[in-house]
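First up is the structure itself, then whatever we jot down about it.
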Amino acid sequence: MKSNKNSSVLFSIFFLVIISIISVEARKHHTRKTKSHNKSGNGDTTRGSNFTAPAPAPLPDHNGSYPTPSTIFNVLSFGAKGDGVSDDSKALVAAWKAACNFAGATVEIPSESKFLIKPITLQGPCMPHLVLQIHGTILAPAKVGSWPKSSLFQWINFKWVHNFTIQGTGTVDGQGSNWWRTSQIHYTQKKSKHVPKTKPTALRFYSSYDVTVRGIKIVDSPQCHLKFDSCGGVKVSNITISTPEDSPNTDGIHLQNTHDVEIQHSNIGCGDDCVSIQTGCSNVHLHHINCGPGHGISLGGLGKDETVACVSNIVVENISVQNALSGVRIKTWQGGMGSVKNVSFTNVQVSEVKVPIMIDQFYCDKGLCQNKTRAVEISGVKYDQIIGTYSERPIHLACSSEIPCTDIDLIDIQLKPSAAAAPSNQRFQKGLCLNSYGRSRAPLVPSSIDYCLRSSSPASVKRVARSHATSNVCY
């Protein structure tokens, strides 16, 4: 028994000695390998281990700034040339797709460069708080024939984006002059087969929520400059929109089926409505906007082709409109259905505006439109502190005899003919007031405005209006 125990002890000691020798040799080998790597001059002492060496610090971009690689996606890093000639569309889309996966990421359009971008869709949903930072210039294709026929509806389309911001000091240039000229050729020389009937909007948001656009400049769009379609939670501030007065159908900002909107502190000059509010819009607040040239701030045209139009809870205040076709107006097509209600226009300064105050239930964009009895109901509209000069007539309220305008308020209206108004226009000082009911309150200039509104609508009118309201689908 003692012999067996001694043998067991000796075997254990021998095993421990062997293990110790192997461990020592392994450490020596690792030390030699490390020294060999250090002699190579790269300073990496982690090779051969389970750890990955950290990435080298990023190089500054061409502006000298040091972006954070995980959050800044500069289009130049994705192959963009920025020379205004090369097609940088794929680079922008690639940068967008990469940034889309990171919360708080920024797609950067750097300054002092011009990026030619063909029609694209930048699609979500993405991680929240994505930013498109525009400091340079984005250019649309200048030649009409270079646009694919399938991409004539919009130039840059933002689809299904949430918690998204466009900001910066750069410019989005639609290069639309060729589109406007071809429109004139279409009408004057009838070369319609060479002219697309549809012209693209510069920036369009579709089915997007919590969207902010601020600081940028949008110029010379072929058609509308900035459109929100089926969106919610929209904020636009401190932007500039600029297009020549004679550029056709170049609305500044267009809202459709969009709710909870604030547009403020912006300058808009174009060839159509500075802001156009279409069907399906509610809870819209416009303030501190400088509009002109253009067609003013417009609700409509609504109810075209006998469709249903619903617009409600619109506040327009602290607005300046100059050299425009209209100041603040509501326009609806005959035969339409639905309603416009709870609208206020307050503290609107007008200068050289043809018709500062307008409601037109007989809107027609061609020479002759068929008379129809059905109309979009208009009620609860307030005009308060509309002050300045007009060149044609101070007020135009043309409402339907079947569905008249009701609960219209005219408060503190002070409108004088401009110095440029022709003497023959003095006959228009009384304005046009047809089938409009409501209240007026002094001061009222010209004094004839005091007689524009009928004091109260007869019971039959109220009954018809109530019946019409319950038959439409606006709630």
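The values are calculated or read from the model by the stated rules, or taken from the named source; none is laboratory data. Every value quoted in this text rests on a predicted model; they were computed, and no experiment measured them. Don't worry about glycine lacking a Cβ; one is built from the backbone with ideal geometry, like all the others, and counts go over all protein chains shown. For accessibility, only protein heavy atoms count, side chains too; no ligands or nucleic acids. Shrake-Rupley method; radii C 1.70, N 1.55, O 1.52, S 1.80 Å.
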Subject >> Label-point gap, in nm, between Lys81 and Ser146 - each point 7 angstrom along Cα→Cβ >> reply: 1.1 nm
**OP:** Please give the length that would be gained between Lys416 and Val445 if that part of the chain were fully extended, namely 0.36 nm times their separation in residues minus their C-alpha to C-alpha distance (nm, one decimal).
**Re:** 9.7 nm
Original post:
Gain in length, Asn249 to Lys430, computed as 0.36 nm per residue apart minus the alpha-carbon separation, to one decimal in nm?
Top reply: 62.1 nm
Original post:
Given the protein chains as shown and a 1.4 Å probe, how many square angstrom of Lys304 are accessible, to the nearest 10?
Top reply: 100 Å²
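When the chain is fully extended, how far beyond the present Cα-Cα distance does Glu262 get from Val315, taking 0.36 nm per residue of separation? Don't skip to the end; give the middle numbers.
Working: separation 53, 0.36 × 53 = 19.08 nm, distance 0.96 nm.
Residue separation times 0.36 nm, minus the Cα-Cα distance, leaves 18.1 nm.
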Original post:
Which pairs, out of Lys217/Lys382; Lys227/Lys416; Lys227/Lys366; Lys149/Lys235, put more than 26 Å between their alpha-carbon atoms?
Top reply: Lys217/Lys382; Lys227/Lys416; Lys149/Lys235
**OP:** Consider a paramagnetic label point 7 Å from the Cα of Asn323 along Cα→Cβ; state which residues of region 245-274 have an amide N under 13 Å from it.
**Re:** 245-247, 268-271
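At R0 = 30 Å, how high is the FRET efficiency between Arg181 and Thr240 if r is their beta carbon distance? Nearest 0.05 is fine. Spell out each step's value before the answer.
Numbers: r = 24 Å, r/R0 = 0.79.
Plugging the Cβ-Cβ distance into 1/(1 + (r/R0)^6) gives 0.80.
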Original post:
Any idea of Tyr390's accessible area? Nearest 10 Å², probe 1.4 Å.
Top reply: 0 Å²
